[in-house]
Amino acid sequence: MASTYPPLAKGAHVDSMDKYKSMYERSMKDPEGFWGDFAADFHWNKKWDTGDDFHKYNFDLDKGGIHVSWFNGAETNVSYNCLDRHVKAGDGDRVCFFWEGNDEGVESVTTYKQLLDQVCQIANFMKSQGVGKGDEVTIYMPMIPELPATMLACARLGVVFSVVFAGFSAESLAGRISDSSPKMVVTCSAVKRGAKHIELKKIVDEALAILDGEEQVHVPRVLVYDHKASGVAREAIHASLVEGRDVWWQDVIGDQPTECEVEWVGAEDPLFKLYTSGSTGKPKGVVHTTAGYMLGSAATFKYVFDYKPEDVYWCTADCGWITGHSYVTFGPLLMGAKQVLFEGVPTYPTAGRCWEAVDKYNVTIFYTAPTAIRTLMACGDEHVTKHKRTSLRILGTVGEPINPEAWRWYHEVVGNSKAAIVDTWWQTETGAHMITPLPGATPVKPGSATLPFFGVEPALLDDKGNEVEGVGQGYLVIKRPWPSMMRTVANDHHRFEQTYFSGYKGYFFTGDAARRDEDGYFWILGRVDDVINVSGHRIGTAEVESALVGHHVCAEAAVVPVDHPIKGQAIYAFVTLMNGFEYPPEESVRKELVAQVRKAIGPIATPDVIHWAPGLPKTRSGKIMRRVLRKIASNEEDQLGDISTLADPGVVQVLIGLRGK
Ligand code: WT7
């Protein structure tokens, strides 16, 4: 039996299991009442329709197309609710960002009123360029206050934004731009991340050069923020500015008026799209809409982190991922929170950076990923214990299953056994936390995301698609819509329906498997599709394979996950070379293949291992048996199972012979 820890947050919004249960029950029986009450704190230009019109959906492909809508008929604006609402309430002088730059001592403080002014200036510039409601903008920026400000400027105008993580390569960025046809790309001269300098503007130039041949894609404007702290001078970049296309942020934003009327948008108008990897094909643009996403991100921020006005909150995620959308930009600002915005990495300049900043700002709520926790744990307790950390009361984790050892270290060492741990399971697709403890109510068990959030009805299905009742395990599905769920895949509603709704009729399929224990707690077991979770980031095996075969020496590639002590999972690639190569080939071939993947996707997709494969284990019909490859990759060839269906069982021994070569 796993040990159970009592809920630690005192005086929480939800302070008992009874309260959780009654709120959960209401959210199930009366979604309109539950979400309508929560929505009352926000500003609506037009109220929603009530009764049957409030919320509509179809989750069953046998009954027609999949669709979901909430707060039908309502009009609002997320940017207004994040900024104007607080300023009008007299909170303009409240701090929204304590920005901590990559290098120590590089910092700034922004208030809600200052952010509102800046957002209006950015929005006014966009308007002056003819960018308006329904248009798209691609954002490729590091973690500086101008990044969330640009997201909010877009939201203010009803412009659909797509943030591309500034660690993706030019080719990845080009793919996302091409899928969006943005009217503007917003970027930055360069960034320093840890000890590395990355020239972002140059990557944007490369991406746009790749797209030069594509007729439909024409980006008329590139707005470039001169990021002085990056160490790359404006003069060094200036010559690369394309006349008529590129402008310096500092030359055009500061003169704009600090007032800009918001564009009221419909509840179901798109707010943003965010590309994420799946099991097949290119990354898909997950589309989130306005009202449901707004309420989902705000409600989870309030209840899961037990947010109160006196808190100082810090989430280490980058705005290039969904965590940075929901729990840096939107959830916290919607609730009027004070937060630390961090540009750097947790280990730079030392492994004590986070705890030093926790003391500096008196951070009360800290949210990070298991991979960061394990990295810091490996650096030694002394980096933690030399800082006080007495302000911490809630510690969150997200991105991958957290191993109980890392969980205990987070709880006992970082939190001094006093802070509540919230292990939050959710996805880019879900928009907000789905299965998570509430820190004042839910007794927690290390490694379990525990129970569903309000409005969320998870279920487990067996191989035949039947629901597993009580204790057991199966495919994790969601039985009904929740407000912050994705509405479609950009430009491809069919793919949305096929990916999430065709496997099990009537359910949203998450791609994860899970186990339910005797207390009804969920334990996430990980992905069951061909998605690898590297340091909490999703990488599709198909994407890495396609990058590898993009190199002229590679005839075929098969990529599988292997367990990794820090990253959770790592990428392990089996590669068949073109005829004429000897195995193993010269070392330079491996280097070129790795470089190819970094070029096509980005450093996060770097394979840890390239395993030479004169042949791959295939069935007679030519299907690669990944199960066999996984066992070989994990040194578990004693557990290969039945390989009699292989066209050539001999390849297995050849592969084992080439391990480490
Ligand atoms: C996948 C979603 C949601 C923000 C970060 C990742 C895994 C996420 C947990 C958790 C176990 C988790 C799942 C999920 N995952 N949180 N607390 N415990 N697994 O977003 O890139 O959309 O990835 O991350 O496998 O399906 P994402």
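Need the full-extension length gain, C379 to E412, defined as separation in residues times 0.36 nm minus the C-alpha distance. One decimal, nm.
Working: separation 33, 0.36 × 33 = 11.88 nm, distance 1.59 nm.
My answer for the length gained is 10.3 nm.
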Query raised in the report: Dimensions of region 1-157 along principal axes (Cα, Å, largest first)?
Result: 46, 46, 35
Query - Those Cys residues of the chain for which no other cysteine Cβ falls under 4.7 Å - result: C82, C96, C154, C188, C315, C319, C354, C379, C554
Query raised in the report: So what's the net charge close to D15: Lys and Arg +1, Asp and Glu -1, counting the other residues with Cβ under 15 Å from its Cβ?
Result: +4
Report task. List every residue whose amide H lies under 5 Å from the amide H of C96, counting only residues 5 or more places away in sequence or on a different chain, with H placed 1.01 Å from N in the peptide plane. Result -> T110, T111, Y112
Query raised in the report: What order do you get for 115-126, 359-370 when each peptide is scored by the mean count of other beta carbon atoms within 10 Å, highest first?
Result: 115-126, 359-370
Query raised in the report: Roughly how many Å² of V471 are accessible to a 1.4 Å probe, to the nearest 10?
Result: 100
Query - D41 paired with M578, simple spin-label distance in nm, labels 7 Å along Cα-to-beta-carbon - result: 6.1
Report task. Take the eigenvalues of the Cα gyration tensor for region 500-577, scale each by 5, and report the square roots as semi-axes in whole Å, largest first. Result -> 30, 17, 8
Requested in this report: Compute the distribution of all C-alpha to C-alpha distances in region 63-135, in bins of 5 Å from 0, and list the percent of pairs in each, rounded to whole numbers.
Outcome: 3, 12, 14, 15, 15, 15, 11, 6, 4, 3, 1, 0
Report summary line: Result for the chain: accessible area per residue, probe 1.4 angstrom, in square angstrom, of 37
Requested in this report: Can you tell me the FRET efficiency between L658 and Q498 if r is taken as the Cβ-Cβ distance and R0 is 30 Å, rounded to the nearest 0.05?
Outcome: 0.20
Query raised in the report: DSSP loop trypsin sites (Lys or Arg not before Pro) in region 1-92 with at most 12 other Cβ atoms within 10 Å of their Cβ, which ones?
Result: K10
Query raised in the report: Please state the relative contact order of the chain as a whole percent: Cα pairs under 8 Å, 6+ residues apart?
Result: 14
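What order do you get for 632-640, 432-440 when each peptide is scored by the mean count of other beta carbon atoms within 10 Å, highest first?
Ranking the peptides 632-640, 432-440 by packing returns 432-440, 632-640.
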Requested in this report: Starting from the Cα-Cα distance between A209 and T619, subtract it from 0.36 nm times their residue separation and give me the gain in nm to one decimal.
Outcome: 143.4 nm
**Report entry** Evaluated over region 300-363, the Cα radius of gyration and Dmax, each in Å
**Finding:** 12.0, 34
**Report entry** Charge dipole (debye, nearest 20) of region 19-101; +1 at Cβ of Lys and Arg, -1 at Cβ of Asp and Glu
**Finding:** 160
Report task. Hey, could you grab the Kirkwood Rh for region 389-483? Inverse mean 1/r over distinct alpha carbon pairs, Å, one decimal. Result -> 14.6
Query raised in the report: Per the Kirkwood formula on distinct C-alpha pairs, the Rh of region 220-350 is how many angstrom?
Result: 18.2
Report summary line: Hull volume per residue for region 264-309, using the convex hull of the C-alpha atoms, in Å³ is 103
Query raised in the report: What are the semi-axes of the equivalent ellipsoid of the chain, taken as the square roots of 5 times the eigenvalues of the Cα gyration tensor, listed largest first and rounded to whole Å?
Result: 37, 32, 26
**Report entry** Carbon and sulfur %, accessible surface of the chain computed with the full protein complex present, 1.4 Å
**Finding:** 50
Query raised in the report: 222 nm [θ] for the chain, helices only, -39500 (n - 2.57) per DSSP H run of 4+, per residue, to 500?
Result: -7500 deg cm²/dmol
Report summary line: Here, GluC sites (Glu not before Pro) of region 511-568 satisfying both criteria (DSSP loop; at most 14 other Cβ within 10 Å) are E518
Requested in this report: Can you grab the distance from the C-alpha centre of region 85-148 to the C-alpha centre of region 580-604, Å, no decimals?
Outcome: 41
Query raised in the report: Got a number for the accessible area of Y275? Probe 1.4 Å, square angstrom, nearest 10.
Result: 20
Report summary line: The distance between the Cα centres of region 495-557 and region 1-65, in whole Å, is 28
**Report entry** DSSP-assigned coil residues among trypsin sites (Lys or Arg not before Pro) in region 108-215, each with at most 15 further Cβ atoms within 10 Å
**Finding:** K133
**Report entry** Equivalent ellipsoid, region 116-166 (semi-axes from 5 times Cα gyration tensor eigenvalues, Å)
**Finding:** 17, 13, 8
Requested in this report: Find the percent of Cα-Cα distances in region 564-661 that exceed 18 Å, and round it to a whole number.
Outcome: 51
**Report entry** Heavy-atom accessible area ranking, 1.4 Å probe, most first, across M578, M184, M28
**Finding:** M578, M28, M184
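The values are calculated or read from the model by the stated rules, or taken from the named source; none is laboratory data. The structure displayed is predicted, hence computed values, not measured ones. Note: ideal-geometry Cβ built from the backbone for every residue, glycine included; neighbour counts use all protein chains shown. Keep in mind that these areas ignore ligands, DNA and RNA; they rest on the heavy atoms of the full protein, side chains included. Shrake-Rupley method; radii C 1.70, N 1.55, O 1.52, S 1.80 Å.
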